[in-house]
Structures are given as structure tokens and as C-alpha cells.
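First comes the structure, then the notes that go with it.
The values are calculated or read from the model by the stated rules, or taken from the named source; none is laboratory data. Since this is a predicted model, take the numbers as computed values, not measurements. Cβ placement follows ideal geometry from the backbone for every residue including glycine, while neighbour counts extend to all protein chains displayed.
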Amino acid sequence: MLRAYCRSRVGARIISHVLPNNGSSAIAAFGLSRRTLAGLPTDAAADALPLSAEAAGGGNTIDPKELPWMKQFKDTLQRHESPSLNNLASIVKSPDSDDIGKSIRVQGSLGNVRNVSSKMTFVPLSDGAATIQLISLRDNSPDAHKFLKGIRANTPVEVVGTLQWKNVKPTKDGKQEPPREYELLVNSVQSLNDFPADILLGEDATYGPELRHLQIRFDETLKKRLIFRSEVLKGIRTALPDFHEVETPILFKSTPEGAREFLVPSRTTGHAYALPQSPQQYKQVLMASGINRYFQVARCFRDEDLRADRQPEFTQLDMEMAFTNADGVMKRMESFIVDMWKLRQKLWAGSDRDIPSAPFMRMTYDNAMRFHGVDKPDLRIKDLTYRVESIVPDNLKGMITSLEDPIVDIFKINLNCSPRQVGAFVKTLMDSPEMRPFHDNPDGGPGVFIYDPMKPLEGLAAFGHEGLESIRAFYGAGVEEPASSEDQAIVDKILAATNEASAENPPPVTETNTWSPPSTREPLEQGDLIIIQARPRDVKLSGGSTPLGRLRSHIHKSAVAADLIDPDPSFNFLWIVDFPLFTPSNTTDPGQGGTAGFSSTHHPFTSPKTPADVDLLHSDPLHAVADHFDLVLNGVELGGGSRRIHSAQMQEWIMREALRMPEARLADFKHLFEALRAGCPPHAGMALGLDRMVAVMTGTESIRDVIAFPKNNRGEDVMVGSPSVMTEGQLATYQLAVVGKEGEGR
């Protein structure tokens, strides 16, 4: 039994520390053969293991107080109690010649050891805030020199040494510059912990998410992003001196705001909290409470599908302002964004050109959807989408869709290369797994063409002669006077298509910073990639994108990745305004639980934009416009906000009469009605996604790269193993049962 214990990794660790290696005293003490000792785990492997209960109860022959790691830990506690420990950052960042020759005591982690010779060793020491070079001389301190030559990088240590100037090499002209940096001549070194040998290091070393601490420690870019995020949080509070920071509860109640919620069971039978989707209702109550300018760096929770830019829990900058409207909030946010981008320039990267100028461009939701195909356009993509069903031959429509009388959208993009190169790009693109959703579109896949004047019908044979002429003219500078009645028919179709391209768009707002489509279209060029896509005619544009809009964004991104389009590092901020107040219901969106056949596009607290939109609530609610706005940057939605409904009667009417929410759900908002009833002032606000903003600022597409401990695309934290299985005791405490597939408790 003793032999089995000694062969265990824990027993081996104790023996390797307490008894001489393979010595006669070990054999005498335990009655072991040299063969048994030779089979023990190595000291390095044993060191990686903690002392377990097995070792603790292994007998009375080993005093735990004598274990090296326990003695090391006790020594560390004692050292930190000493008042003589120096702060490395304060020493390194403010060099003073008066400090030369002083003996100091500092702590930090060692870098890679550089052995210049058997007598001299250099190694950097860093505490995360500052770094100093250690110089170890064998003749100065033999024990410390021997220790440093054999120690592993990343080991935390305490060093006692003498400050001296770091040698400066002479310049090319032979001049000797005065020294500006310290180095520390080592007198003694004490290990504060061990860095195990089984953790592989090096440029090629990678660590899975279960080792997130190693990812953060050794991925300098990741660490830099997390530190920059910390600086952004400091900057937020500096940039909002006229706002009050108020913390709102995390344990809220379930209310139908629009997204699925996380529920937290309570010990009261049948009752549960809900984690907040946002602090929306609390901040509106604050407006009725006399806190006229509120902000909070808020944790929010939504149980929704997880993509690269989503997490089940996320952080947002939440703001609300009384006695203002949507314009007031947008202007205040523009000022804030300018401050944040100045901070980025100072702490991360960039130049004056990267700092945005206010006011930002504004674009209506209708224009975004019809000319960009998405409600968060990337203004770096210059080519737009248009409606062209009047000039697409019926036989071609039948090839791309089974829809009767469809709307057909078109988009073209020039990839600055030959038709053959475009063809190779298209083949790779169409065969990629990312294209599967586009191929599986029930309304039909995309029609893909390459314009090539060297081919029959210039590569557009599927359009026919008449269709080719129509497409060429549509993308031309204008239409000449026709020479025949046949040409006149073509012209009529072109004009009809031109009217279709603009008929759905209201007259542009006269504000100087409002986006409107260009009056002319760029003519076709050799190698142009042309995409057409059908969609139902009787479905009102709603949601976040059209099939062609999503494909347009994907093609542009793929072309940049393939080096066919130069990346554009500019920041193009954009407000999307005039969203529909309501959106037709669908099976994937929980909405507000009403029976009207539609739900609030954003949440039920958003105000209609004008008195005319209030009137539409009675006659045609799906055409009512919301006073909502989204802030978009390079195709990424950074945040959104709106003017709120500040009237209790109006809020209740929207929920009861417009959305037709049941009385039981209306009762969930009693607290809000009561607050609004108490003379709540007009107010507006917005929420800015902190994770997304920092991701864009630091040049990454995934918010997981700016979150210290993110969840994966299954909502799991594999480092800690969450979510975890509930125990029988936990289930009993909260009166819960696990229900099987057949609906039976088990």
C-alpha cells in the first residue's frame, strides 16, 4: 500500500521534496527499492500538482508545515507585510540620479533569461505596470546568479538589488548620451510561486478557451484590448460630467419588451426574477423621479441566438435625458463619440483624420433598406441596390425565382480585375459554406453575371438583346432620343425601372447632413460583377435586411479578404432614422405577446414621431413612423435610442389598443404607468453597446476579443463550466423539476 501511495503523483511530490533524491535514507525510511524510486514522477511534474486530501491524510510521518510550497506561501505573506517593499512603477517611471546606489526591494514576474556568459545574466522584471532590467553577476551574488540562470520565465519573484544607470551605447558620431533608464544589480532573489514546466510557451503556442487566463496573459493584443476597454470606462465618466450615474437592479421582473429573458427562480413557489434586457423601465422611472440626466454602464441579458457580435450577457452605456427629444440625444451622443475617438487616438491608434466631425450623416430607414438592403449600411460600399423588374425578361425571372410577379433587385460591384479573375473569385465564393443561406432562400437564389464586352451579349446572354440594352442604359449616364419604335419601347422600360428605383422613397429631407441616393449611376465596366435577386412584391420592407442586402455586404467583405478591394480604414458614422413603429409578427420574435399581428419594432415605449403618425395608429399602424434612431458605424450597429412615450394614458393605449396585449401583461407595467402619471416630463435616451464600440475601436469583428471572460456560441463559459447541472438539492430549494422530452418530471 505504501508503494502504491508513493507511486501516486501526490505521494511522489511529497517524497521528492522531503527526502533526498533516490538516496539511501529514502530507502531506509520507506523500505523502497531504487527501482521503485526510479519510477516516480519527475519533480517538475509533481510540482504541478496541489496537495490533495489523499496526501493530507497519508500518515503522521510528514509534517505539512515542512512542505516547500507551504513554507513558500507563508514566506510570501510575511514579505508582503514588510513596509520596505518598493513600488516598481514609481521608481522606473521617474528616474532620479539621487536614487543611484540605493538598495531596493521589488516584486514582479521574470521574463526570458539572457545568459551573456557564465558570469553575467540579464532578465527583465515586470509587475504589469513597469519593467526594469535585472543584471546578475556571479561575483556579486553567487546564489542569486545560480538561481536566475535556472529559473523559468514568468515566475513571480522578489528581488533585492542596487539601482544603477543602464549603459547607453554611443551614437554614430561617437557622442555619449546621458543615461535615462535604470537597471537593477541583483543581490538576492526569492521565488514567490512556481511557473510549471508543463505549460508550453512560444510564438506558436495556442491555448483553448478553457485556459482563458493563459490567453489573456500571453496574447498581448488581447491584453491590450482589455486594458484599453478599462480606459474607455474611465473616459465615459469623464465625458459625461453633466449626467448622474445611477445603478439599477439586476434582479428585475419578466416584462414583454421584445427579447427572450433569463429567469432566476426564487424560493417563493412559482415566482422568479428576470435578468434585465436593459434598464429601460428603471431609467424612465428615474425621469419621473427628478433625475433628469442619467447614465449607467449597465449589464444586460438576452436569451437570443449567438453570433460573433452577440453575447447572452453584455455591457452597454445607458443614457436618458429629460426635457429633450431625439435630436437632443443624438447631438449629445455625437459629442460623446468625438471624445471617445480622441481617446482612441491617444491610447490605441489613429490620426486626426479618424476623429469624426459632427453632425453625423442621417439616413432614413426606407433609404437604407432600398438602396443598401440593410438597416445598418456600410457607407464604404459605394454601389447601391435598385429595383429593375421592368427590364428583367420574364424567362430570366423564372430562372431565379418561383414567385409570381416578383420584385427584382440588382447590385453591381467592380473588383478592379479581369473577368477571368472575377470568375475565379465568384466560383470560390459560391462554393463556400457561407453562401448556403443564400442558395437555400425559398424565394430563389441569386443570379450572378460578369460583364465582359469580349463575350457574346457581353456576358449577359440570359438577359437577351433587349435586356442587355436596358441594363447598359440603366447604368449609363442617360438615355438618348430613340431612333425607332423598338428603341422607344426599351426606353419606356428603362424609365419605368428608374421610377421603380425611386418611387418607394419619400422626398429627401432638406437637412444638409441627410443622405439621399445619387442622381446618376456609374456605367458598366469590364469585369463588373452583377447580382440580381427576387423578393415578394406583397411584403412590406421590414426587419434588418433583404437577401440582396446581406449578399452585397458578404461579397464586399469577401472581396476585401481576397485583396481584390483595398480595405478602407475610415470611420463612417451614420444615424438611421424614421423606423417603422411596428413590424409584422413572426414566429422567431417573441414580441410583446399581443394579438394585433404586429409588435413594436424596438420596444413598446417608443413614441410615434409626429401627430400624423399618432393618427395612423387608428387607421394604418404599420405605416406609422417611430421617433427611433440607430447609430451605425461601417455596417455595425453601435446602439440605438428614441423619444419615449411620457404620457401614462398614451402608453397604456398603445399596449392595450394598438398591440392588443392581454390585461395580465398590462398589469406587469403598472409601476411604469404610475410613474408616468406623476407628471413625468418628455424624455429621450439611448443605449450604446460598449462591447461593440470597443471592438470597432480596436479593429476586431468579434466582441469576444474585448470581453475578459466571454461565452462561446452555445452560451457556455468552458473555463468555469457554466451553465452547470442543477443538483437535486437546488431543484428542491426552488421547487423545480427537470422535465423530459415527453413532458414528464424526473
Within the stretch 396-406, of all residues that are out of contact with any helix residue (DSSP H, G or I) (no Cβ under 6 Å at 6 or more places or on another chain) and touching a residue at least 40 places away in the same chain (Cβ under 8 Å), the one nearest to V374 (Cα to Cα) is P406
Heads up, the strands (runs of 3 or more DSSP E) in the stretch 509-584 (entirely inside) with at least 3 residues that are touching a residue at least 60 places away in the same chain (Cβ under 8 Å) and over 27 Å from P393 (Cβ atoms) are 573-577
Screening A298, A326, A358, A322 for residues that are touching a residue at least 24 places away in the same chain (Cβ under 8 Å), under 29 Å from D568 (Cβ atoms) and not acidic (D, E) leaves only A358
TODO: Determine whether the stretch 379-396 contains at least one residue that is closer than 30 Å to I236 by Cα and in the same structural domain as L529 (by TED's automatic domain parsing).
DONE: yes
Of those in the stretch 585-600 that are under 25 Å from A687 (Cβ atoms) and surrounded by fewer than 19 Cβ atoms within 10 Å (Cβ to Cβ), the residue modelled with the highest pLDDT is S585
(message) Take F709 and tell me if it is among the aromatic types (F, W, Y) and part of a helix (DSSP H, G or I).
(response) no
Output yes when any residue across the stretch 266-277 is at pLDDT below 95, surrounded by 14 or more Cβ atoms within 10 Å (Cβ to Cβ) and within 19 Å of the chain's Cα centre (by Cα), and no when none is. yes
* Asked: Out of all the residues in the stretch 720-736, is one or more surrounded by 14 or more Cβ atoms within 10 Å (Cβ to Cβ), small (G, A, S) and closer than 23 Å to C300 by Cα?
  -> no
Given (1) surrounded by fewer than 22 Cβ atoms within 10 Å (Cβ to Cβ); (2) part of a helix (DSSP H, G or I); (3) hydrophobic (A, V, I, L, M, F, W, C), M369 misses just (1)
Residue set R353, R344, R299; condition outside any loop (DSSP other than H, G, I, E, B), farther than 28 Å from L581 by Cα and under 20 Å from the mean Cα position of the chain (by Cα); output residue R344
Note to self: Being in a loop (DSSP other than H, G, I, E, B), modelled with pLDDT of 95 or more, more than 16 Å from the chain's Cα centre (by Cα) and surrounded by 16 or more Cβ atoms within 10 Å (Cβ to Cβ) is the requirement here; does T255 meet it?
What the structure shows: no
Here the residues within the stretch 274-321 that are of a type in the set (V, I, T) and over 22 Å from P710 (Cβ atoms) are V285, I291
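The rows are residues; the columns are (1) closer than 27 Å to H602 by Cα; (2) among the polar types (S, T, N, Q).
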site: W348; (1), (2): no, no
site: N367; (1), (2): yes, yes
site: L379; (1), (2): yes, no
site: T385; (1), (2): yes, yes
site: I400; (1), (2): no, no
site: K412; (1), (2): no, no
site: V422; (1), (2): no, no
Condition check for N167: part of a loop (DSSP other than H, G, I, E, B) and surrounded by 15 or more Cβ atoms within 10 Å (Cβ to Cβ) | no
Of the listed residues (V189, V160, V123), the one being more than 29 Å from the chain's Cα centre (by Cα) and free of Cβ contacts under 8 Å to residues at least 40 places away in the same chain is V123
(Q) Among the residues that make up the stretch 662-682, is at least one of them more than 30 Å from D620 (Cβ to Cβ), modelled with pLDDT of 95 or more and of a type in the set (A, V, I, L, M)? (A) yes
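For (1) charged (D, E, K, R); (2) part of a loop (DSSP other than H, G, I, E, B); (3) at pLDDT 95 or above, each residue gets a yes or a no:
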residue: F147; (1), (2), (3): no, no, no
residue: T171; (1), (2), (3): no, yes, no
residue: Q176; (1), (2), (3): no, yes, no
residue: E183; (1), (2), (3): yes, no, no
residue: Q190; (1), (2), (3): no, no, no
residue: K223; (1), (2), (3): yes, no, yes
Going through (1) in contact with a Phe, Trp or Tyr (Cβ under 8 Å, 6 or more places away or on another chain); (2) surrounded by fewer than 16 Cβ atoms within 10 Å (Cβ to Cβ) one by one, S103 fails only at (1)
| request: Might you check whether a residue that is over 17 Å from D366 (Cα atoms) and exposed (fewer than 14 other Cβ atoms within 10 Å of the Cβ) occurs anywhere in the stretch 543-563? | output: yes
Here the residues within the stretch 202-221 that are surrounded by 14 or more Cβ atoms within 10 Å (Cβ to Cβ) and part of a loop (DSSP other than H, G, I, E, B) are Y207, D219
Taking the stretch 443-470 and keeping residues hydrophobic (A, V, I, L, M, F, W, C) and in a strand (DSSP E or B) leaves V448, F449, I450
Q. Within the stretch 102-111, can one find any residue that is out of contact with any helix residue (DSSP H, G or I) (no Cβ under 8 Å at 6 or more places or on another chain), free of Cβ contacts under 8 Å to residues at least 24 places away in the same chain and assigned by TED's automatic domain parsing to the domain that holds V186?
A. no
